[in-house]
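Chemist: Below you will find the structure I want to go over with you.
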Amino acid sequence: MREIPPLFLLFSMLAQAQPAALRQLAGERTIKIGAAVNPALLQQADYAETLAREFNQVEPENSLKFGPVHPQQTTYHFDPVDALVAFAKDHQMAVRGHTLVWHKQNPGWVTRGTFTPEQLAAILQEHIQTVVGRYAGRIYAWDVVNEAFDDDGSLRKTIWSGFIEQAFRWAHEADPKALLFYNDYDAEVVNSKSDAIFRMAQDFKARGVPLNGIGLQMHVTLDPGSLENMEANIKRIAELGFEVQITELDVRVPLDSGAATSEQLEKQAQVYHDIVAVCVKYPKCTAIQTWGFTDKYSWIPGAHRGTGAALEFNAAYQPKPAYRAIADALKTR
Ligand code: XIL
């Protein structure tokens, strides 16, 4: 009998010791595990390798917003999204689109233009048909409308507020197979905003407006609010027949001493665990996505001064306690 080379044995032992990647755990229960991506960073080997190894879904963090993708009235800038869609195909990842209708990151030609409501409607229709149509069959889900409600549940007054329902209809025409989402922040628990979103979903369902799900952003802190309340919100959306996707999860940490303490990182891991565990209880909760994946590139330090370390990999692409917590929660039955 041939002797087994000791190096081979060592490698196979190491392979067994290697814990399963998140995408493998998610795949076993047919849930998507995603990350928001800056396509320019796919050139960096550690970024691209971690992304492809761990996730089965990507979403461009900025590249599909109106301003970046449609900077002039007759100019579209599709290269970064095309690159991400190609990367996703190479690595068998699903792609979410974000976002078609939002009051932020609109181009100057829209915000500084003097358009009549009819002209604005035509602009938005052309935009949605062009962008959704281009990626039909390649982008499986869209955040059609983002952040249209104020915290008190009233409709936010923006240039697009008159076209919310129509936006869903236009997106559906452009890709009848795509899943269409309404996406918002601070609407994870039952509150005035999530009540308004729920009423809109009931109304859309009753009138046949094409809506498939609600995206819960989940930019949370170490104190994310009542879990029972979060579960009650997810449950009512699921029972109404809609999907829920966690679309922008991050858990920011106050960085008073410069770096996160191990105590903070353990607390953060618990928050990640609790949120993922609630989602996996509901078959209608079909995706969990973090807003980035490495602390090296996160919007948090820029947007919430004095906080950071919000994601599941540290700046050196090492898994944090939060990573282990997501993996553990994905395994709960
Ligand atoms: C953020 C990006 O992460 C930043 O790079 C950009 O400067 C501003 O927008 N809610 C959303 C996302 O729906 O699009 C936002 O993304 C974060 C809050």
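The values are calculated or read from the model by the stated rules, or taken from the named source; none is laboratory data. None of the values given here were measured: they were computed from a predicted structure. In this analysis, Cβ positions are derived from the backbone assuming ideal geometry, glycine residues included, and neighbour counts consider all displayed protein chains. Protein only, heavy atoms only, side chains kept; ligands, DNA and RNA dropped before computing areas. Shrake-Rupley method; radii C 1.70, N 1.55, O 1.52, S 1.80 Å.
Chemist: Name every residue in the stretch 128-169 that is of a type in the set (Ser, Thr, Tyr), open to solvent by less than 40 Å² (accessible area, probe 1.4 Å) and either within 18 Å of Ala201 (Cβ to Cβ) or without any contact (Cβ under 8 Å) to a residue 40 or more places away in the chain (or both), in order of residue number.
Modeler: Ser161
Chemist: From the list Tyr323, Tyr317, exactly one residue is away from the ligand (no atom under 16 Å from the Cβ) and on the phi > 0 side of the Ramachandran plot. Which is it?
Modeler: Criteria check complete, one pass: Tyr317.
Residue-by-condition table, conditions (1) assigned to a loop (DSSP other than H, G, I, E, B); (2) touching a residue at least 40 places away in the same chain (Cβ under 8 Å); (3) crowded, with 16+ Cβ neighbours inside 10 Å:
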{"site": "Ala187", "(1), (2), (3)": "yes, yes, yes"}
{"site": "Phe198", "(1), (2), (3)": "no, yes, yes"}
{"site": "Pro224", "(1), (2), (3)": "yes, yes, yes"}
{"site": "Ala232", "(1), (2), (3)": "no, yes, no"}
{"site": "Ile246", "(1), (2), (3)": "no, yes, yes"}
{"site": "Asp256", "(1), (2), (3)": "yes, yes, no"}
{"site": "Glu263", "(1), (2), (3)": "no, no, no"}
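Chemist: List every residue pair whose Cβ atoms sit under 6 Å apart, with the two residues 6 or more apart in sequence or on different chains, where the first one lies in the stretch 90-118 and is of a type in the set (A, V, I, L, M) and the second, anywhere, is open to solvent by 30 Å² or more (accessible area, probe 1.4 Å).
Modeler: Ala94/Lys32; Ala94/Tyr140
Chemist: I would also like to ask the following. Just to be sure before I move on: is Ala86 within 16 Å of the ligand (Cβ to nearest atom), exposed (fewer than 15 other Cβ atoms within 10 Å of the Cβ) and modelled with pLDDT of 95 or more in the structure I sent?
Modeler: Against the criterion (within 16 Å of the ligand (Cβ to nearest atom), exposed (fewer than 15 other Cβ atoms within 10 Å of the Cβ) and modelled with pLDDT of 95 or more), Ala86 does not qualify.
Chemist: Quick one: in the stretch 277-296, which of the residues that are within 15 Å of the chain's Cα centre (by Cα) and closer than 16 Å to Tyr323 by Cβ is farthest from the ligand (Cβ to nearest atom)? Walk me through how you get there before you give the answer.
Modeler: Of all residues in the stretch 277-296, those within 15 Å of the chain's Cα centre (by Cα) come to 279, 285-294.
Still in the running and closer than 16 Å to Tyr323 by Cβ: 288-294.
Working: Ile288: 16, Gln289: 11, Thr290: 11, Trp291: 6, Gly292: 7, Phe293: 13, Thr294: 13 Å.
Filtering first and then ranking leaves Ile288.
Chemist: Output the residues belonging to the stretch 40-83 that are surrounded by fewer than 19 Cβ atoms within 10 Å (Cβ to Cβ) and either modelled with pLDDT under 95 or part of a loop (DSSP other than H, G, I, E, B) (or both).
Modeler: Gln44, Asn62, Pro71, Gln73, Thr74, Tyr76, His77, Phe78
Chemist: Taking the condition of being assigned to a loop (DSSP other than H, G, I, E, B) and not aliphatic (A, V, I, L, M), how many residues in the stretch 200-213 meet it?
Modeler: So the answer is 3.
Chemist: Suppose the filter is touching a residue at least 40 places away in the same chain (Cβ under 8 Å), open to solvent by 10 Å² or more (accessible area, probe 1.4 Å) and part of a helix (DSSP H, G or I); does Glu173 pass it?
Modeler: Against the criterion (touching a residue at least 40 places away in the same chain (Cβ under 8 Å), open to solvent by 10 Å² or more (accessible area, probe 1.4 Å) and part of a helix (DSSP H, G or I)), Glu173 qualifies.
Chemist: A further question follows. Do we find that Gly302 is within 19 Å of the chain's Cα centre (by Cα) and in a helix (DSSP H, G or I) in this structure?
Modeler: Yes.
Chemist: Tally the residues that are farther than 13 Å from Gly292 by Cα and among the β-branched types (Val, Ile, Thr), restricting the search to the stretch 21-40.
Modeler: The number of residues fulfilling the criteria is 2.
Chemist: Still on this model: If we keep just the residues of the stretch 200-216 that are within 16 Å of the ligand (Cβ to nearest atom) and touching a residue at least 40 places away in the same chain (Cβ under 8 Å), which is surrounded by the most Cβ atoms within 10 Å (Cβ to Cβ)?
Modeler: The extreme case among them is Gly215.
Chemist: Restricting the stretch 96-144 to residues that are part of a loop (DSSP other than H, G, I, E, B), within 16 Å of the ligand (Cβ to nearest atom) and not aliphatic (A, V, I, L, M), which is farthest from Gln245 (Cα to Cα)? Steps first, please.
Modeler: We begin by selecting, within the stretch 96-144, every residue part of a loop (DSSP other than H, G, I, E, B); these are 102-107, 112-116, 135-140.
Still in the running and within 16 Å of the ligand (Cβ to nearest atom): 102-107, 139.
Subsequent filtering for residues that are not aliphatic (A, V, I, L, M) retains 102-107.
Working: Trp102: 18, His103: 21, Lys104: 21, Gln105: 23, Asn106: 24, Pro107: 28 Å.
Once the filter is applied, the top-ranked residue is Pro107.
Chemist: Within the stretch 33-80, track down each residue that is without any contact (Cβ under 8 Å) to a residue 24 or more places away in the chain and of a type in the set (A, V, I, L, M, F, W, C).
Modeler: Listed by number, the list holds a single entry, Ala45.
Chemist: What are the pairs with Cβ atoms under 9 angstrom where one residue, in the stretch 286-313, is without any contact (Cβ under 8 Å) to a residue 40 or more places away in the chain and closer than 13 Å to Ala260 by Cα and the other, located anywhere, is open to solvent by 10 Å² or more (accessible area, probe 1.4 Å) and in a helix (DSSP H, G or I)? Sequence gap at least six, or different chains.
Modeler: Going by the 9 Å Cβ cut-off, the qualifying pairs are Asp295/Pro301.
Chemist: Scan the stretch 314-325 for residues that are surrounded by fewer than 16 Cβ atoms within 10 Å (Cβ to Cβ) and either without any contact (Cβ under 8 Å) to a residue 40 or more places away in the chain or over 20 Å from Ala21 (Cα atoms) (or both) and jot them down.
Modeler: Hits for the stretch 314-325 are Ala315, Ala316, Gln318.
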